[in-house]
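The values are calculated or read from the model by the stated rules, or taken from the named source; none is laboratory data. Here the structure is a predicted model, which is why all the values come from computation and not from measurement. Glycine also receives a Cβ, built like all others from the backbone with ideal geometry; neighbour counts cover every protein chain displayed.
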Amino acid sequence: MAEANSSRGHYIAFSEASAVPVERKEHPAGAFVGREREMSQALGVLEEALRGRGSMLLVAGEPGIGKSRFADELAEEARSRGVQVALGRCWEAGGAPAYWPWVQSVRSLTKHVDAELLRELLGSGVTDIAQWLPEVRGILGEIAAPAVLDPDAARFRLFDSVTTFLKSAAAARPLMLILDDLQGADTPSLLLLRFVAGALGDGRILVVGTYRDTELDADHPLVAALPELARERCVRRLTLRGLAEVDVARFIEVMAGVTPHGSLVWAVHDETEGNPLFVQEAFDCCWRRVGSRRRPAIQVVASACLKA
C-alpha cells in the first residue's frame, strides 16, 4: 500500500493490486475539464467584444484553481477566431517597474509591426509609449521629448495614449489582452485598468484579468479597485470553484488513460476539494509510485483520512 501526500494536509492511500495494464499516453500539463459553464459565459463576453462592444472579464479564484489555464484556453478560442492576443503578467517578488503587466502586453503588440504602421497606431501618443518602450525609438527613429506636465496631467496623458493605441490596434484586428495575477499589480497599473475599463466603448477589445481572491486584505489596492471596476457596464466578474467529483473523474481519466474507480475519485475529490492543481499533484505522486514500476494505470482503492 502506497501513500500519496496531498497539499491539503491529508493523505490518500492507493492500491496497486488490480491495476489494468494500459499504455500510458503522454499528457498535457494538466487536463482542462469541468469549466463548460464558465467558458460559455466567457465566450459570450468574447462575442460581445467581437461585435464592437469592448469588454472586460475579471476571473477570480484561489491559488491552483486554474485561472491562468482558463485564460489560456479562452485565448486559444479567441485566436481561432482571428483575434490577436497579448499577455502581461504581474511580478510579485518586487523590483518590477510601474505598469509592468501593461508594458509587457503593449511591447508584444509592437514587436512585429513595421515602422509605418506602428507610427500610425501610436499616433500622438508615441512620445508617451516610447517612455515605456525604448525600443520604439529604435524602430521609429527620432521622437520628440514629451511635454513637461504636472504628475496628474502626465499620468492622464499616458493613460489616454495607451488606451488609444489599444483601440487603434483592435480596429485593425480584434484584440484580447490578458493581465495575469492582478493581486500582484502595482497601484498605477490598477488605475490604468480602471481608465481602460471606462474607455473600451465600441472597441473590439476583450481585457481579461485574473487574480487570487483569497489573498486580498483590506489594504490591498485591488480591493479598492474592484468596486470601481464593477461600476463599469463593460465589466463582468467570474469566480472559479473546485471541480465536481464527475470532473475529477474526467481529469484522472484524461491523465491516466483509464476510467478510475469511484473510490479513487471520491478520495481525491475529498482531499483536494476539486482544486485542479492539487488533483494534478495527487495524480503525479501516485503515477510516480505506480508508473515507475510499469503499472501504467492507476486503479484505486482506499481511503482518505486526516494525518495524525
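When you go through (1) touching an Asp or Glu at 6+ places or on another chain (Cβ under 9 Å); (2) assigned to a helix (DSSP H, G or I); (3) at pLDDT below 90 one by one for residue 267, which number turns out not to apply?
Checking residue 267 against (1) touching an Asp or Glu at 6+ places or on another chain (Cβ under 9 Å); (2) assigned to a helix (DSSP H, G or I); (3) at pLDDT below 90, the one that fails is (1).
Within the range 80-181, which helices (runs of 4 or more DSSP H) (wholly inside it) include 1 or more residues that are among the polar types (S, T, N, Q) and in contact (Cβ under 8 Å) with a residue 12 or more places away in the chain? Give the derivation first.
On the way: elements: 100-110, 115-122, 126-132, 135-140, 151-172.
Counting at least 1 such residues, we get 100-110, 126-132, 151-172.
Output the number of the condition that residue 49 fails; it satisfies all remaining conditions of (1) among the hydrophobic types (A, V, I, L, M, F, W, C); (2) assigned to a loop (DSSP other than H, G, I, E, B); (3) touching a residue at least 12 places away in the same chain (Cβ under 8 Å).
Checking residue 49 against (1) among the hydrophobic types (A, V, I, L, M, F, W, C); (2) assigned to a loop (DSSP other than H, G, I, E, B); (3) touching a residue at least 12 places away in the same chain (Cβ under 8 Å), the one that fails is (2).
Residue-wise test of (1) touching a helix residue (DSSP H, G or I) at 6+ places or on another chain (Cβ under 6 Å); (2) within 16 Å of residue 174 (Cα to Cα); (3) surrounded by fewer than 15 Cβ atoms within 10 Å (Cβ to Cβ); (4) among the charged types (D, E, K, R).
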{"position": "67", "(1), (2), (3), (4)": "no, no, no, yes"}
{"position": "72", "(1), (2), (3), (4)": "no, no, no, yes"}
{"position": "81", "(1), (2), (3), (4)": "no, yes, yes, yes"}
{"position": "104", "(1), (2), (3), (4)": "no, no, no, no"}
{"position": "109", "(1), (2), (3), (4)": "yes, yes, no, no"}
{"position": "129", "(1), (2), (3), (4)": "yes, no, no, no"}
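Quick check on this structure: which one of 257, 184, 274 is closer than 20 Å to residue 107 by Cα and surrounded by fewer than 23 Cβ atoms within 10 Å (Cβ to Cβ)?
Of 257, 184, 274, the one residue that is closer than 20 Å to residue 107 by Cα and surrounded by fewer than 23 Cβ atoms within 10 Å (Cβ to Cβ) is 184.
Yes or no: the range 54-69 includes at least one residue that is among the hydroxyl-bearing types (Ser, Thr, Tyr), in a strand (DSSP E or B) and at pLDDT below 95.
Scanning the range 54-69, I find no residue that is among the hydroxyl-bearing types (Ser, Thr, Tyr), in a strand (DSSP E or B) and at pLDDT below 95, so the answer is no.
Within the range 68-83, can one find any residue that is among the β-branched types (Val, Ile, Thr), within 22 Å of residue 167 (Cβ to Cβ) and assigned by TED's automatic domain parsing to the domain that holds residue 136?
yes
Against the definition (touching a helix residue (DSSP H, G or I) at 6+ places or on another chain (Cβ under 7 Å), modelled with pLDDT of 90 or more and over 21 Å from residue 74 (Cα atoms)), how does residue 230 come out, yes or no?
The answer is no for residue 230.
How many of the residues in the range 211-235 are in contact with an Asp or Glu (Cβ under 6 Å, 6 or more places away or on another chain) and under 23 Å from residue 164 (Cα atoms)?
0
Quick check on this structure: which one of 210, 239 is under 16 Å from the mean Cα position of the chain (by Cα) and surrounded by fewer than 18 Cβ atoms within 10 Å (Cβ to Cβ)?
Exactly one of 210, 239 is under 16 Å from the mean Cα position of the chain (by Cα) and surrounded by fewer than 18 Cβ atoms within 10 Å (Cβ to Cβ), namely 239.
In the range 189-223, how many are aliphatic (A, V, I, L, M), part of a helix (DSSP H, G or I) and in contact with a Ser or Thr (Cβ under 9 Å, 6 or more places away or on another chain)?
3
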